[in-house]
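Q: Next up is a structure, given as structure tokens.
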Amino acid sequence: MIDEKLKENMSGVDHKIIVMSGKGGVGKSTVAVNLALSLAQKGFKTGLLDVDLHGPSVPTLLGMEGEHHTQDESGKIRPIDYNENLKAVSIGFLIDSRSDAMIWRGPMKHNVIKQFLTDVSWGDLDFLIIDSPPGTGDEVLAVCQLIENPDGAVIVTTPQDLALVDVAKSVTFCEKLNIPRLGVIENMSGFWCPHCGKVSDLFKRGGGKKISEISSIPFLGEIPISLAVSEGGDSGKPFSLSGDSSDEAASGFKNAVDRLMQNHFADKKTKVIN
């Protein structure tokens, strides 16, 4: 049964989207951060919750390392404001060093995630994007159990067969918990060369579409590897803000977000035209 205090705190959040992956190293956090930024660019009030407690990437990806959460006058945790439409919460904003290890068992992690949902002054949001750790363990289970009726999950994979085997577990996880599958994004789908403008298949392509067809999940699109993605992750300047329309990764991601909105949130009208 949902906690009434948590329910009250989440009452101002219209839509809650969980970003999942079956395994690590597929760029799930990069997708989550750029999804949140893309929604914020469209004028939607957006929250980004990082529940990857053992490997929080959000502070680095947003270029906000060194920032720390404070409390408001009511004692609640203040999110970190990235801009006027995006605010973020992460365990990375509560620790002194990115090298500090969180050596926690399941109950402790559950309590921290509950606090992030209950005791953070989220306010009114159009979207809350939740960046979960890889797999189907304690953190993502806690989120799904604590939140009442999340809108669903966006599942991130790479094209290799090994990744597809693991992403199938995320699909099954959602089925067992009655979490809607909003779509699949195939990340690292080839390499886009900024010199010749062509995409080379480093691994292979089509794996995300294959799992989409097998599992009857919408296929949102392919995002190739590009220098803008890797450099943006290291520098804290997300690639979705680059404005480079020739970059296949940026355009592929924009198309994926547009499909997500058209498929599931068509009633949400864009408030700002960028």
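Q: Can M64 be described as in contact with a Leu (Cβ under 8 Å, 6 or more places away or on another chain) and assigned to a loop (DSSP other than H, G, I, E, B)?
A: no
Q: Just name the residue that is modelled with the highest pLDDT out of those in segment 253-273 that are surrounded by 10 or more Cβ atoms within 10 Å (Cβ to Cβ) and part of a loop (DSSP other than H, G, I, E, B).
A: F265
Q: Same structure, new question: Scan segment 195-223 for residues that are more than 12 Å from T157 (Cα to Cα) and not small (G, A, S) and jot them down.
A: H195, C196, K198, V199, D201, L202, F203, K204, E213, I214, I217, P218
Q: Can you tell me which residue in segment 211-224 is farthest from V184 (Cα to Cα), limited to those that are outside any helix (DSSP H, G or I) and out of contact with any Ser or Thr (no Cβ under 8 Å at 6 or more places or on another chain)?
A: Per the criteria, the residue is S216.
Q: Keeping to segment 118-138, report how many residues are β-branched (V, I, T), under 18 Å from V13 (Cα atoms) and surrounded by fewer than 23 Cβ atoms within 10 Å (Cβ to Cβ).
A: Matching residues across segment 118-138 total 2.
Q: Return the residues of segment 139-189 that are of a type in the set (A, V, I, L, M, F, W, C), part of a strand (DSSP E or B) and either in contact (Cβ under 8 Å) with a residue 40 or more places away in the chain or surrounded by fewer than 21 Cβ atoms within 10 Å (Cβ to Cβ) (or both); say none if nothing qualifies.
A: A153, V154, I155, V156, L182, I185, M188 - these are the residues of segment 139-189 that are of a type in the set (A, V, I, L, M, F, W, C), part of a strand (DSSP E or B) and either in contact (Cβ under 8 Å) with a residue 40 or more places away in the chain or surrounded by fewer than 21 Cβ atoms within 10 Å (Cβ to Cβ) (or both).
Q: What single numbered condition from (1) within 30 Å of I225 (Cβ to Cβ); (2) surrounded by 14 or more Cβ atoms within 10 Å (Cβ to Cβ) fails to hold for H69?
A: Checking H69 against (1) within 30 Å of I225 (Cβ to Cβ); (2) surrounded by 14 or more Cβ atoms within 10 Å (Cβ to Cβ), the one that fails is (1).
Q: To continue, here is another question. Given (1) in contact with a Leu (Cβ under 6 Å, 6 or more places away or on another chain); (2) modelled with pLDDT of 95 or more; (3) assigned to a loop (DSSP other than H, G, I, E, B), where does F44 come up short, assuming only one miss?
A: The single condition F44 does not satisfy is (1).
Q: Among (1) in contact with a Lys or Arg (Cβ under 8 Å, 6 or more places away or on another chain); (2) under 30 Å from Q115 (Cβ atoms), where does K169 come up short?
A: Of everything listed in (1) in contact with a Lys or Arg (Cβ under 8 Å, 6 or more places away or on another chain); (2) under 30 Å from Q115 (Cβ atoms), K169 misses just condition (1).
Q: Tell me whether segment 125-148 contains one or more residues that are closer than 25 Å to N34 by Cβ, among the polar types (S, T, N, Q) and at pLDDT below 90.
A: yes
Q: Tell me, please, whether a residue that is surrounded by fewer than 20 Cβ atoms within 10 Å (Cβ to Cβ), under 29 Å from L241 (Cβ atoms), of a type in the set (D, E, K, R) and free of Cβ contacts under 8 Å to residues at least 60 places away in the same chain can be found in segment 98-117.
A: Looking for residues that are surrounded by fewer than 20 Cβ atoms within 10 Å (Cβ to Cβ), under 29 Å from L241 (Cβ atoms), of a type in the set (D, E, K, R) and free of Cβ contacts under 8 Å to residues at least 60 places away in the same chain, one finds at least one in segment 98-117, hence yes.
Q: Moving to a separate point now. Scan segment 100-123 residue by residue and report those that are touching an Asp or Glu at 6+ places or on another chain (Cβ under 6 Å) and either assigned to a loop (DSSP other than H, G, I, E, B) or within 14 Å of D3 (Cβ to Cβ) (or both).
A: Once the filter is applied, which keeps residues that are touching an Asp or Glu at 6+ places or on another chain (Cβ under 6 Å) and either assigned to a loop (DSSP other than H, G, I, E, B) or within 14 Å of D3 (Cβ to Cβ) (or both), segment 100-123 yields only S121.
Q: Additional query: In the list F191, F127, which residue meets the criterion of being under 27 Å from A88 (Cβ atoms) and among the aromatic types (F, W, Y)?
A: The conditions single out F127.
Q: I'd like the full set of residues that are among the hydrophobic types (A, V, I, L, M, F, W, C) and within 20 Å of D258 (Cα to Cα), limited to segment 169-210.
A: Residues satisfying the conditions are L182, V184, I185, M188.
The values are calculated or read from the model by the stated rules, or taken from the named source; none is laboratory data. Note that the coordinates shown come from a computational prediction; the quantities given were computed from them, not determined experimentally. Note that each Cβ is placed from the backbone with ideal geometry, even for glycine, and that neighbours are counted across all protein chains shown.
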